[in-house]
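The block underneath contains the structure these notes are about, expressed in structure tokens.
The values are calculated or read from the model by the stated rules, or taken from the named source; none is laboratory data. Every value quoted in this text rests on a predicted model; they were computed, and no experiment measured them. Note that each Cβ is placed from the backbone with ideal geometry, even for glycine, and that neighbours are counted across all protein chains shown.
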Amino acid sequence: MVPLPTPAQELLGRARILVVDDSRMLRMGISRSLRKLGVQHIEEAADGMAALERLEREPFDLMLLDMEMPLMDGLDVLAKMQASPQLRGLPVIVISGGESIDGVVACIEMGAEDYLPKPFSQVLLRARLTSSLEKKQLRDLERAQRLQLQSQHDLLKLEQQKTENLLLNILPRSIAHRLKAGEERCADSHANVTVMFSDLVGFTRMSQGMNPTQLVEMLHELFSSFDQLVDEARLEKIKTIGDCYMLVGGLPDPRPDHAAAVTDVAIKMVSALARLDRVYSCDLQIRLGIHSGPVVAGVIGTHKFTYDIWGSTVNEASRMESSGQPGRIHVSAATAGLLAEDFELEHRGMVETKSLGLLSTYFVNGRRTC
């Protein structure tokens, strides 16, 4: 039975070793000793500069380096290797026939792995080679594990970022952070906000003559343009229900210009629909209703979180939309009072609204021009 190779023999058999010595005879002798130990991949270099060039071009597991060489001695080679991130970790066994130990110490301090005196025995050569290669193997394994852990960490970070982005796409940032911190019911009162509802007039009729794919494409394009307007104005989209779009200004972070910001977006939404109508020839108009006042806003429940708002202000904003007119921005008296200085308002008079009775309302005709 042929004996199985030991781990040390396997390590030596796989290793690529570079022998560096200015004497051709010594290089041949070292290579012959290496082959006797089972090393199969041996390369040679006649001086330090040639050795560095080989190391930069090819992968090696270990270098046997003569200390005394002309032009560039072993210490100079080690110094160059220490300055190179690519070469710094390569094990180097220094070979020296000199009597002074100072040079050997300097090489070890410069990063050499070990030292062999000339002449050396096969037993000592084997011990030095095996020890250095085992250390390199452990370092390579540790590096691979670090890279794997870093890769896993990066992947986990990427997944966490995706989750964070998805959460922020559903909820305001401050609310998302509160939920992540463990808060179960995130609901707050807001004394001064402006709520807007919009509804597409003629949508039901148009949808009957359009296939589902075209309908979804058109709505996606329209609502995406609305989303961009809301985002640019730093307002908060609450939800879409069918062809109805709902937004609010002034929460979760208060702002004094909440009514003006919402009205500016409403004006732009009318223009956005007009542009889309020219592309799709869909014969749609938009009806918009706005009211300002207090609300409660937040997230309740335990499944399928949504950020929502509640209160009579929401109901009155909805009534402003349903009692409005196509292509016009219909606002309550409360909102009109906040817009009077900056917007052209048209008093509509007293309007009958469902559940709320007669209300004094206004149309917004645009911003005032100086």
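Which count do you get for residues in the stretch 40-61 that are part of a helix (DSSP H, G or I) and in contact with a Leu (Cβ under 8 Å, 6 or more places away or on another chain)? Looking only at that region, the number is 7. When the stretch 104-134 is limited to residues that are within 18 Å of Glu68 (Cβ to Cβ) and of a type in the set (Gly, Ala, Ser), the one that is farthest from the chain's Cα centre (by Cα) turns out to be Ala106.
Residues considered: Gly357, Gly289. Of these, the only one that is in the same structural domain as Asp231 (by TED's automatic domain parsing) and either touching a strand residue (DSSP E or B) at 6+ places or on another chain (Cβ under 7 Å) or β-branched (Val, Ile, Thr) (or both) is Gly289. Taken residue by residue, the stretch 241-257 has no member that is over 21 Å from Arg319 (Cβ atoms), of a type outside the set (Phe, Trp, Tyr), assigned to a helix (DSSP H, G or I) and out of contact with any His (no Cβ under 9 Å at 6 or more places or on another chain).
Would you confirm whether any residue within the stretch 255-265 is of a type in the set (A, V, I, L, M), closer than 19 Å to Arg234 by Cα and out of contact with any strand residue (DSSP E or B) (no Cβ under 6 Å at 6 or more places or on another chain)? So far as the stretch 255-265 goes, yes, one or more of its residues are of a type in the set (A, V, I, L, M), closer than 19 Å to Arg234 by Cα and out of contact with any strand residue (DSSP E or B) (no Cβ under 6 Å at 6 or more places or on another chain). The condition of being more than 34 Å from the chain's Cα centre (by Cα) and hydrophobic (A, V, I, L, M, F, W, C) holds for only one of Val262, Val270, Val230, Val248, that being Val270. Condition test on Val314, is it surrounded by 20 or more Cβ atoms within 10 Å (Cβ to Cβ), in a strand (DSSP E or B) and in contact (Cβ under 8 Å) with a residue 24 or more places away in the chain? Spelling it out, it is not the case that Val314 is surrounded by 20 or more Cβ atoms within 10 Å (Cβ to Cβ), in a strand (DSSP E or B) and in contact (Cβ under 8 Å) with a residue 24 or more places away in the chain. Take the conditions (1) of a type in the set (Gly, Ala, Ser); (2) over 22 Å from Leu338 (Cα atoms); (3) buried (at least 19 other Cβ atoms within 10 Å of the Cβ); Gly242 misses just one of them, which is (3).
Among the residues of the stretch 317-327, some residue qualifies, meaning at least one is among the charged types (D, E, K, R), in contact (Cβ under 8 Å) with a residue 24 or more places away in the chain, assigned to a helix (DSSP H, G or I) and touching an Asp or Glu at 6+ places or on another chain (Cβ under 9 Å). Of all the numbered requirements in (1) surrounded by 14 or more Cβ atoms within 10 Å (Cβ to Cβ); (2) not in a loop (DSSP other than H, G, I, E, B), Arg32 misses one, and that requirement is (1). Where strands (runs of 3 or more DSSP E) sit wholly within the stretch 62-117, those with at least 1 residues that are touching a Phe, Trp or Tyr at 6+ places or on another chain (Cβ under 7 Å), surrounded by 20 or more Cβ atoms within 10 Å (Cβ to Cβ) and in contact (Cβ under 8 Å) with a residue 12 or more places away in the chain occupy 92-96. Scanning the stretch 261-299 for residues that are under 19 Å from Leu345 (Cβ atoms) and among the charged types (D, E, K, R) gives Asp264, Lys268, Arg287. Looking at the stretch 314-352, which of the residues that are among the β-branched types (Val, Ile, Thr) and closer than 25 Å to His190 by Cα is nearest to the chain's Cα centre (by Cα)? Looking at the filtered set, the residue picked out is Val314.
Scanning the stretch 303-334 for residues that are out of contact with any strand residue (DSSP E or B) (no Cβ under 6 Å at 6 or more places or on another chain) and more than 23 Å from Asp253 (Cβ to Cβ) returns His303, Lys304, Asn315, Ser322, Gln325. Residue count for the stretch 51-107 under the criterion of being hydroxyl-bearing (Ser, Thr, Tyr) and within 20 Å of Gly29 (Cβ to Cβ): the result is 1.
State whether one or more residues within the stretch 15-36 are more than 47 Å from the chain's Cα centre (by Cα), closer than 23 Å to Leu78 by Cα and among the basic types (Lys, Arg). Yes, some residue in the stretch 15-36 is more than 47 Å from the chain's Cα centre (by Cα), closer than 23 Å to Leu78 by Cα and among the basic types (Lys, Arg). Filtering the stretch 222-240 to residues that are closer than 22 Å to Gln285 by Cα and assigned to a strand (DSSP E or B) leaves Lys237, Ile238, Lys239, Thr240.
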